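The values are calculated or read from the model by the stated rules, or taken from the named source; none is laboratory data. Just so we're clear, the structure is a prediction, and the values are computed from it rather than from any experiment. Don't worry about glycine lacking a Cβ; one is built from the backbone with ideal geometry, like all the others, and counts go over all protein chains shown. Calculation scope for accessible area: heavy atoms of the full protein, side chains included, ligands and nucleic acids excluded. Shrake-Rupley method; radii C 1.70, N 1.55, O 1.52, S 1.80 Å.
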Amino acid sequence: METVKLRNMLYLQWAKVQRTRNCFLAFCLLVIFSNSSFAQKENYREEQDNKPYYFGLSLGMVSSRFQLEHHDSFLRQDSILVAEPGNTGGISLRLVAAANLTNRFELRFNPGLIFTQRPILFKLNPEYPPDLDQGYNISKSVESIITTFPLDIKFKSDRIGNFRVYALGGGKVDIDLASNAKKRKADDQIKISKYSYGVEYGIGFNFYRKSVTVSPELKISNGLNNLHDRNPNLNYSRVIDRIQSRMIQFTIHLEG
């Protein structure tokens, strides 16, 4: 039993290392993109700072995963050695509606769709019979089409020519439009709630051009509520207590 606990702890620590690595790589990509910049001498789109509001479009890449908390029954059994989330990519398509509150603060509503899937990986004990379809390494993937409604406050730095840095934070409500899909209702699936709410925070850069403002942004979103509809009669569901949503988003905003 102690060996099982040690294996579980090692796998959980490795998952944390992977999350840190992915976040660091995404941030490096954002910094490299931002260096495209300061050579332009003419200041563009200074009127955008004086508009009461403006609109735009967003296209983003998403790294999505679940955050798991194991149920007490996980340590009382030895048929499942590992239950951990996996990382997957996705895309997001959104609208931008922003209001300038002051020269430093801006209120932004950024609703849209996120297309992603979030696997949960299980490793079975080879001393027991394998799964008939996947053997000893099982993946239960939750495919999602998420309608997201984030509301953020942006804090903007001084403008340096055609460049500006900003930080943002706020909250969001997500609705999973695929929650009623037939596959989600199968007996061997992990059942997930339709609704999620959480907080988000990030950093971005404004690059002002003649006709558009291009704003690359890195944002982290953390769900707060428990999404798991636990079923103690199902092997894969009963070893998990809480499931929460986690996302890292790299987005390009095109603002008018």
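What's the total number of residues in region 137-163 that are open to solvent by 60 Å² or more (accessible area, probe 1.4 Å) and either under 23 Å from Asn235 (Cα atoms) or of a type in the set (Lys, Arg) (or both)? It would help to see each step written out before you state the result.
Let us first name the residues in region 137-163 that are open to solvent by 60 Å² or more (accessible area, probe 1.4 Å), namely 137, 143, 145, 149, 151, 153, 155, 158, 160.
Filter once more, so that each one left must be either under 23 Å from Asn235 (Cα atoms) or of a type in the set (Lys, Arg) (or both): 137, 143.
The qualifying residues number 2.
Identify, from the list Ile220, Ile175, Ile160, Ile203, the residue that is under 23 Å from Pro52 (Cα atoms), aliphatic (A, V, I, L, M) and at pLDDT 95 or above.
On the way: Ile220 fails: under 23 Å from Pro52 (Cα atoms); Ile175 fails: under 23 Å from Pro52 (Cα atoms); Ile160 fails: at pLDDT 95 or above.
Being under 23 Å from Pro52 (Cα atoms), aliphatic (A, V, I, L, M) and at pLDDT 95 or above holds for just one of Ile220, Ile175, Ile160, Ile203, which is Ile203.
Of all residues in region 80-131, which are polar (S, T, N, Q) and either closer than 22 Å to Phe149 by Cβ or exposed (fewer than 13 other Cβ atoms within 10 Å of the Cβ) (or both)? Please lay out each step first, then the result.
Step one: list which residues in region 80-131 are polar (S, T, N, Q), which gives 87-88, 92, 100, 102-103, 110, 116-117, 125.
Correct list: Ser92, Asn100, Thr102, Asn103, Asn110, Thr116, Gln117.
Each row is one residue, and each column tells you yes or no for (1) more than 21 Å from Thr116 (Cα to Cα); (2) in contact with an Asp or Glu (Cβ under 9 Å, 6 or more places away or on another chain).
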| residue | (1), (2) |
| --- | --- |
| Tyr208 | yes, yes |
| Ser211 | yes, no |
| Ser215 | yes, yes |
| Ile220 | no, yes |
| Asn225 | no, no |
| Leu234 | yes, yes |
| Arg238 | yes, no |
| Asp241 | yes, yes |
| Gln244 | no, yes |
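Pairs please, first residue from region 156-167 and over 20 Å from Leu107 (Cβ atoms), second anywhere and of a type outside the set (Val, Ile, Thr) and outside any strand (DSSP E or B), Cβ atoms under 7 Å, 6+ apart in sequence or on different chains.
Gly161/Phe38; Gly161/Gln40; Gly161/Asn43; Asn162/Gln40; Asn162/Asn43; Asn162/Tyr44; Phe163/Ser37; Phe163/Phe38
Mind listing whichever residues of region 61-76 are in a helix (DSSP H, G or I) and open to solvent by less than 10 Å² (accessible area, probe 1.4 Å)?
The one that is in a helix (DSSP H, G or I) and open to solvent by less than 10 Å² (accessible area, probe 1.4 Å): Phe74.
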